[in-house]
Every structure is written in structure tokens, then in C-alpha cells.
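Asks: Let me begin by handing over the structure; questions about it come next.
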Amino acid sequence: MLLNLAEEPEIEKKMAKRGIVGYLCKMLARSNTELLVLALIFLKKLAIFKENLPEMRREKLVGALVGFVPHHTEAVLVSALRLLYNLSFDAHQRDAIIASPLLTKAVGLVRKRMQLPIVLRLAYNLSSTEKGRKALGATDLPAIVRKHVLAYQQEHGCDLEQAALRVFS
């Protein structure tokens, strides 16, 4: 119900002022799949606004997401990856993602060809800084992307995300 109420920008701002981010972060410790998906979607929506990012940093949201990548439930995995993608536009959150085990886990998803588009977009955002390029270069992502680009290019052409990642590899 709160997620639907938050469609109104003024109500969303009031919710954020009253600490909804903290409550949602606490919900991530629960094991109810539907609750997890809703909390992740709500956090993804809130991560778009820079006013909510400091509280997400204080709550160590990136660290809380480590357990969701990968996840046995596809909806939780997708919601967590989309939230990480939104967080990756903020320099502090991007650094937290790079420093966490999430980077290695995301590369594992690429290796398994799981959720490729969103993981590649996340990797592209992470590669926007020198620190991110070094961290991604230290994984086997460049080799995996190279294989994907060559295989995909022969069949269909090339995705923009893969071509952009190819530049740094």
C-alpha cells in the first residue's frame, strides 16, 4: 500500500523524511519473498532521488544486498540487481559496490548468462571510474564479455553495453 501511495511525489517526500529507507532496509533481513521484492522495489524507486542516498549509505544498503546476488528466487535477484543499478549512479554507492563481494558475484552471473542486460549495465556504470575499471579488469569479465561480443556479433550485431564494456577490456 505504501508503495502505491508513494506514486505521489509529495507523499514520497514525507515518507522519506519519516525514515522509510531505514524501515525498508530492516525488511531485507526477513525471509518472506514477497516482502523482499516489495522492499527492494520501493528502495529502487527511492534510490532515484539524491536526497535518499545519504540514509541508504548510513544503513549500509549495499552490504545488505550481498545476500541477494545471486538468489534462488528470480524476482528477488532481478529486484536487487535493479536496485544496485540505480545505486551505481552515486559515487559513494558505486565505490561500496566495487569494494564489496557483489562485483565478483555479478561477474558469476555473467558467466552463467543470468540477467545479462542488467548486470552488463551495472558493470558499465562501475567502469566509469578508474577504480571501477581496475576492479572489473581484475575479474574475468573482460574475457567473458569478449566471448559474448564475438558470439553475439556473428549472430545479431552487438549490444551497446557489451560494445562499451569491450572498450575497457
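Asks: Exactly one condition in (1) open to solvent by 40 Å² or more (accessible area, probe 1.4 Å); (2) over 19 Å from ALA16 (Cα atoms); (3) aromatic (Phe, Trp, Tyr) is false for PHE68; which is it?
Replies: (1)
Asks: Take LEU136 and tell me if it is in a helix (DSSP H, G or I) and either small (Gly, Ala, Ser) or closer than 13 Å to ARG94 by Cβ (or both).
Replies: yes
Asks: In segment 71-111, which residues are in a loop (DSSP other than H, G, I, E, B) and open to solvent by 50 Å² or more (accessible area, probe 1.4 Å)?
Replies: Residues satisfying the conditions are HIS72, PHE89, PRO101.
Yes/no per residue for (1) of a type in the set (Lys, Arg); (2) in contact with a Leu (Cβ under 7 Å, 6 or more places away or on another chain); (3) farther than 18 Å from ASP90 by Cα:
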site: LEU35; (1), (2), (3): no, no, yes
site: LEU40; (1), (2), (3): no, yes, no
site: LEU43; (1), (2), (3): no, yes, no
site: LEU53; (1), (2), (3): no, no, no
site: PHE68; (1), (2), (3): no, yes, yes
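Asks: Considering each residue of segment 58-70, count those that are in a helix (DSSP H, G or I) and either more than 13 Å from the chain's Cα centre (by Cα) or polar (S, T, N, Q) (or both), and give that number.
Replies: 1
Asks: For segment 29-44, what are the residues that are open to solvent by 40 Å² or more (accessible area, probe 1.4 Å) and part of a helix (DSSP H, G or I)?
Replies: Within segment 29-44, THR33, GLU34, LEU35, LEU38, ILE41, LYS44 meet the criteria.
Asks: List every residue pair whose Cβ atoms lie under 9 Å apart, where the two residues are 6 or more positions apart in sequence or sit on different chains, the first residue falls within segment 45-64 and is under 21 Å from ILE98 (Cβ atoms) and touching a residue at least 24 places away in the same chain (Cβ under 8 Å), and the second residue, located anywhere, is surrounded by fewer than 17 Cβ atoms within 10 Å (Cβ to Cβ) and of a type in the set (Lys, Arg).
Replies: Here the result reads GLU59/LYS26, each pair linking segment 45-64 to a residue that is surrounded by fewer than 17 Cβ atoms within 10 Å (Cβ to Cβ) and of a type in the set (Lys, Arg).
Asks: Can you say whether VAL119 is under 10 Å from the mean Cα position of the chain (by Cα) and part of a helix (DSSP H, G or I), as far as the supplied structure shows?
Replies: Yes.
The values are calculated or read from the model by the stated rules, or taken from the named source; none is laboratory data. Bear in mind that the values here come from a model prediction, so they are computed numbers and not experimental data. Cβ sites come from the backbone with ideal geometry, for glycine too, and all protein chains shown count toward neighbours. SASA here: full protein model, heavy atoms, side chains in, ligands and nucleic acids out. Shrake-Rupley method; radii C 1.70, N 1.55, O 1.52, S 1.80 Å.
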